[in-house]
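K.L.:
Quick one: structure below, then a few questions.
The values are calculated or read from the model by the stated rules, or taken from the named source; none is laboratory data. This is a predicted model, so every value here is computed, not measured. Cβ: placed from backbone, ideal geometry, glycine included. Neighbour counts: every protein chain shown. Calculation scope for accessible area: heavy atoms of the full protein, side chains included, ligands and nucleic acids excluded. Shrake-Rupley method; radii C 1.70, N 1.55, O 1.52, S 1.80 Å.
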Amino acid sequence: TELPATMRVGSLELETEPFKLAMTAETKAWKQAFGKNLNARALADMNDIFEFCNDLSKRLSRPIKDLDDVRLAMATLKEL
């Protein structure tokens, strides 16, 4: 809802325009800070996923020579 340009409170008449401008500026600043924080969190999550996939890929690309290597490969696949 729209605020009127002025509000009468008892014998006072208050202008709401400065309040509206301040609230708009605060809202924009909050949205930017929230977006920046969200991007940082998403970047950290993506880096964790990339690191996890890279680790699994390295473990699965090792040549299988004996039964212990098979066990390691199966344990790695089980993590997925």
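K.L.:
Only residues in the stretch 1-14 that are outside any strand (DSSP E or B) count as the first member; pair them with residues that are surrounded by 10 or more Cβ atoms within 10 Å (Cβ to Cβ) and not aliphatic (A, V, I, L, M), Cβ under 9 angstrom, at least 6 apart or cross-chain, and list the lot.
P.N.:
Here the result reads Leu3/Thr16; Leu3/Glu17; Leu3/Phe19; Leu3/Lys20; Pro4/Thr16; Ala5/Glu15; Ala5/Thr16; Ala5/Glu17, each pair linking the stretch 1-14 to a residue that is surrounded by 10 or more Cβ atoms within 10 Å (Cβ to Cβ) and not aliphatic (A, V, I, L, M).
K.L.:
Mind checking which residues of the stretch 13-32 are surrounded by 10 or more Cβ atoms within 10 Å (Cβ to Cβ) and touching a strand residue (DSSP E or B) at 6+ places or on another chain (Cβ under 8 Å)? Steps first, please.
P.N.:
Going through the stretch 13-32, the residues surrounded by 10 or more Cβ atoms within 10 Å (Cβ to Cβ) turn out to be 14-17, 19-32.
Listed by number, the residues that qualify are Leu14, Glu15, Thr16.
K.L.:
Kindly list, by first and then second residue, each pair from a residue in the stretch 50-63 that is under 14 Å from Leu80 (Cα atoms) to a residue that is among the hydroxyl-bearing types (Ser, Thr, Tyr) and at pLDDT below 95, limited to pairs with Cβ atoms under 8 Å and residues at least 6 apart or on different chains.
P.N.:
Partner pairs satisfying both residue conditions: Leu56/Thr76; Arg59/Thr76; Leu60/Thr76.
K.L.:
With the requirement that a residue be open to solvent by 100 Å² or more (accessible area, probe 1.4 Å) and assigned to a helix (DSSP H, G or I), what does the stretch 47-68 give you?
P.N.:
Phe50, Glu51, Lys58, Leu67
K.L.:
Right, another one. When you look at Lys78, is it part of a helix (DSSP H, G or I) and exposed (fewer than 10 other Cβ atoms within 10 Å of the Cβ), yes or no?
P.N.:
For Lys78, the condition - part of a helix (DSSP H, G or I) and exposed (fewer than 10 other Cβ atoms within 10 Å of the Cβ) - is met.
K.L.:
Report yes if Gly35 is at positive phi and either surrounded by fewer than 10 Cβ atoms within 10 Å (Cβ to Cβ) or within 33 Å of the chain's Cα centre (by Cα) (or both), otherwise no. Please lay out each step first, then the result.
P.N.:
On the way: at positive phi: no; either surrounded by fewer than 10 Cβ atoms within 10 Å (Cβ to Cβ) or within 33 Å of the chain's Cα centre (by Cα) (or both): yes.
For Gly35, the condition - at positive phi and either surrounded by fewer than 10 Cβ atoms within 10 Å (Cβ to Cβ) or within 33 Å of the chain's Cα centre (by Cα) (or both) - is not met.
K.L.:
Could you count how many residues in the stretch 23-57 are of a type in the set (Gly, Ala, Ser) and modelled with pLDDT under 95? Write out each step before concluding.
P.N.:
Initially, the stretch 23-57 is screened for residues of a type in the set (Gly, Ala, Ser), giving 25, 29, 33, 35, 40, 42, 44, 57.
Among the residues that remain, those that are also modelled with pLDDT under 95 are: 57.
Number of matching residues: 1.
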